[in-house]
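Scroll down for the structure; my scribbles are underneath it.
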Amino acid sequence: MSTNSSEFERARKVLVGGVNSAVRAFRAVGGTPRFIDRAEGAYMWDVEGKRYIDYLGSWGPMIAGHSHPHVLAAVERAARRGLSFGAPNVMESELAERICALFPQVERVRFTSSGTEAAMSALRLARGFTRRDSIVKFEGCYHGTADSLLVKAGSGALAFGTPSSAGVPDDLARHTLVAQYNDLASVEALFAAHPGRIACVIVEPMPGNMNLILPEPGFLAGLRALCTKHGALLIFDEVMSGFRVALGGAQQLVDVVPDLSAFGKVIGGGMPVGAIGGPAAIMEMMAPLGPVYQAGTLSGNPIAMAAGLATMDLIAEPGFFERLGAGCARLVEGLNAAAREAGVAFCARHRGGLAGLYMLATPPASFAQVQAQDVERFRRFYHLMLDEGVYLPPSPVEAFFFSGAHTDADVDATIAAARRALRALA
Ligand code: KE4
């Protein structure tokens, strides 16, 4: 009989670390990764048949829940018409039209097959448009695995203590300038030290890769003003926050308009999709119209477009985000009440369907505060919850994800499990 352990042992013989994405290896929490056999609605089942209430949601895409009938039917219809053409398909235009309608400054879209490609292409576009080489990113923010962005990165790079990856040439990394999130002065200092050389500032407007951090009042507007003043482009990486904290992403909530946006996750509905969006004047610097090259064999893949369109149908339904936010708020309130009852330094918060839980008495406002978490207690909490059948992201520096499929009963069961887990930590 297949077990998680036997499958992990088998995988490690042929897959590096037994996984195809580093954060799945459970290195930040220890123990054996769960090999998922199937998923439906708010639930996943591992190869041993154990059911989990899923708050990973494939790291964000599954906002409508797993295997939603509307999405499966769309994927099946598309699959019967062909899996990939390498030629234009009308669904690409349809999904791009939906994005343009939600983000007024987005006049042109380019689809990719991952968030990494979207952020990487947005960076190259900013460098090509401004003819400048340096970029500004924030310690703890993660934008995928393009070389220039694996400097002081978040997510798995942070969890494994390798925020600046090996293999990135110093000659390239020196063009990546690192500031502190929620610290405008650190950005002003970089513009002062590198006049006329900064092509862009790339930021997760509501970071989820150093766990969930919220922008302090004026921070994002301040970035907007600095970029405008210094002729740099402001790039919002909304791969995680887009279509999740609100239908119009973080930029809808904070009312700050970036020059370029990177999207992903939800717009693929579980299939590989990323996207760059922005004004035609900038976007049309990209091939085939302009000198900034960009391409991808499976970009705009019809199956992925069908899954994305069907997911967008579901989240655009009246009341979806109100219900998503209300359900997530109820979970967060229950978790905070459980922490108070247990007398444990633990808290949670959310924006829309993006949430964070922290081994801290109060929610962190900075990368440094996130780093102050009691990681060992997080590990214990994580496995107590996993044993209770609650699947959280396996890292203290990752946000978690609520879906339209989570019911009040799921929330109540999760709170009850957390109450028992936190009492065990007290
Ligand atoms: P992908 O290349 O993994 O599709 O997207 C990269 C990316 C870019 N920008 C942001 C804001 C992101 O959150 C991500 C990917 N997020 C991680 C979760 N922290 C994906 C999980 C993984 O690496 O397996």
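Per atom type, the stretch 219-289 shows carbon and sulfur on 62% of its accessible surface, probed at 1.4 Å.
Using heavy atoms of the protein chains and a probe of 1.4 Å, the accessible area assigned to TRP59 is about 40 Å². Accessible surface comparison of MET44, MET91, probe 1.4 Å, protein chains only, largest first: the order is MET91, MET44. If you sort PHE402, PHE321 by accessible surface, 1.4 Å probe, largest first, the order is PHE321, PHE402. Its Cα gyration tensor gives the stretch 229-311 an equivalent ellipsoid; the semi-axes, largest first and in whole Å, are 22, 20, 8. The relative contact order of the stretch 1-57 comes to 27 percent, based on Cα pairs under 8 Å that sit 6 or more residues apart. The trypsin sites (Lys or Arg not before Pro) of the stretch 50-86 that meet both conditions, a loop assignment by DSSP and at most 10 other Cβ atoms within 10 Å of the site Cβ, are ARG80. Here the chain is treated as a sphere whose radius is the Kirkwood value from Cα pairs; by Stokes-Einstein at 4 °C and 1.567 mPa s it diffuses with a coefficient of 59 µm²/s.
Calculated accessible area for the stretch 284-419 comes out at 37 Å² per residue, all protein chains present (probe 1.4 Å; ligands, DNA, RNA ignored). Take every Cα pair under 8 Å whose residues are at least 6 apart in sequence, average their separation, divide by the length of the chain, and the relative contact order is 22 percent. Here the Kirkwood formula, the inverse mean of 1/r across different C-alpha pairs, assigns the stretch 69-315 a hydrodynamic radius of 18.2 Å.
Distance between the C-alpha centres of the stretch 289-321 and the stretch 1-34: 30 Å, rounded to the whole angstrom. Under 8 Å for C-alpha pairs, at least 6 residues apart: give me the relative contact order for the stretch 369-426, rounded to a whole percent. Relative contact order for the stretch 369-426 comes out at 42 percent.
The values are calculated or read from the model by the stated rules, or taken from the named source; none is laboratory data. These figures come from a predicted structure and were not determined experimentally. Neighbour counts run over all protein chains shown; Cβ positions are idealised from the backbone, glycine included. Just so you know, the surface numbers come from the protein's heavy atoms only, side chains and all, with ligands and any DNA or RNA stripped out. Shrake-Rupley method; radii C 1.70, N 1.55, O 1.52, S 1.80 Å.
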